[in-house]
């Protein structure tokens with residue numbers, strides 16, 4: 001199971017599913033802001049249906065699968081520095097070495113990361129983020145949140161994401177075009193992730209009575225799985241990734 005949580009605005013992907021607001025529901029213990037979250041959730045749904053989903057379907061139609069795979073590999077490779085830092089912070093030196101090896105091999109032999117050569121020689125990818133690191137250090141998740149155009153998160157993961165973004169190497173450079181590159185990277189990652197989860201999201205929308213509650217549960221399960229390094233078996237769920 002891939003998760004980011006690498007980091008996408010995938011939110012629009014499945015997070016913005018329309019909740020059945022006319023159905024009775026009770027506040028979940030970890031969702032004290034549920035009334036507000038449901039309003040944002042409905043807004044995200046509309047944005048997804050009108051904007052992101054059509055773009056994602058077009059992208060999937062006009063872009064061959066090998067090309068989409070290359071895009072995903074390239075975007076994953078850019079996340080290596082963040083993964084490496086969190087490997088170290090979590091006390092996982094062997095994983096850190098693998099992260100460095102994957103980045104070096106795929107950036108060079110893999111043509112900037114477009115080809116996942118490292119996987120072919122047995123160095124599998126893994127993901128770590130500061131939200132996971134904080135969880136490993138004992139920081140509780142805090143309240144569940146649904147953010148406009150971003151989707152599901154929680155207080156701990158949002159804090160980790162904001163810190164990662166503020167410490168991004170691009171934030172400290174004066175490279176011309178860095179802002180344009182950052183926006184393009186974010187847009188491409190969002191579209192690619194949404195295209196990957198078209199089937200899963202449709203299934204959720206077609207089969208669940210309360211999409212909001214289902215997405216909340218799925219997101220929390222996926223985060224627990226990520227924190228446990230895949231030890232929890234979570235199958236057939238969409239990738240809820242945040243910004244990359």
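Scan the range 90-108 and tell me whether some residue there is part of a helix (DSSP H, G or I) and touching a strand residue (DSSP E or B) at 6+ places or on another chain (Cβ under 8 Å).
Restricting attention to the range 90-108, the residues satisfying the condition of being part of a helix (DSSP H, G or I) are 93-108.
Within this subset, residues satisfying the condition of being touching a strand residue (DSSP E or B) at 6+ places or on another chain (Cβ under 8 Å) are none.
No, the range 90-108 contains no residue that is part of a helix (DSSP H, G or I) and touching a strand residue (DSSP E or B) at 6+ places or on another chain (Cβ under 8 Å).
Would you say residue 209 is more than 15 Å from the chain's Cα centre (by Cα), over 19 Å from residue 72 (Cα atoms) and surrounded by fewer than 13 Cβ atoms within 10 Å (Cβ to Cβ)? Lay out the reasoning, then the answer.
Values: more than 15 Å from the chain's Cα centre (by Cα): yes; over 19 Å from residue 72 (Cα atoms): yes; surrounded by fewer than 13 Cβ atoms within 10 Å (Cβ to Cβ): yes.
Judged against the criteria, residue 209 is a match.
Mind listing just one residue for me: the one in the range 52-81 that is surrounded by 13 or more Cβ atoms within 10 Å (Cβ to Cβ) and outside any helix (DSSP H, G or I) and, of those, farthest from the chain's Cα centre (by Cα)? Please lay out each step first, then the result.
Taking the range 52-81 and keeping what is surrounded by 13 or more Cβ atoms within 10 Å (Cβ to Cβ), we get 52-53, 55-57, 59-60, 63, 68-81.
Remaining after also requiring outside any helix (DSSP H, G or I): 63, 79.
On the way: 63: 21, 79: 11 Å.
Filtering the range 52-81 for residues that are surrounded by 13 or more Cβ atoms within 10 Å (Cβ to Cβ) and outside any helix (DSSP H, G or I), the one farthest from the chain's Cα centre (by Cα) comes out as 63.
Could you say which residue among 94, 49, 125 is out of contact with any helix residue (DSSP H, G or I) (no Cβ under 8 Å at 6 or more places or on another chain) and surrounded by 15 or more Cβ atoms within 10 Å (Cβ to Cβ)? Walk me through how you get there before you give the answer.
Working: 94 fails: surrounded by 15 or more Cβ atoms within 10 Å (Cβ to Cβ); 125 fails: out of contact with any helix residue (DSSP H, G or I) (no Cβ under 8 Å at 6 or more places or on another chain).
Result of the check over 94, 49, 125: 49.
Just one of 191, 204, 163 is in a helix (DSSP H, G or I), in contact with a helix residue (DSSP H, G or I) (Cβ under 8 Å, 6 or more places away or on another chain), at pLDDT 90 or above and closer than 25 Å to residue 54 by Cβ; which is it? Working first, answer last.
Values: 204 fails: at pLDDT 90 or above; 163 fails: closer than 25 Å to residue 54 by Cβ.
Exactly one residue qualifies, and that residue is 191.
The values are calculated or read from the model by the stated rules, or taken from the named source; none is laboratory data. The structure presented is a predicted model; accordingly, all values stated were derived computationally and were not measured. Here Cβ is always computed from backbone atoms with ideal geometry, including for glycine, and neighbour counts include all displayed protein chains.
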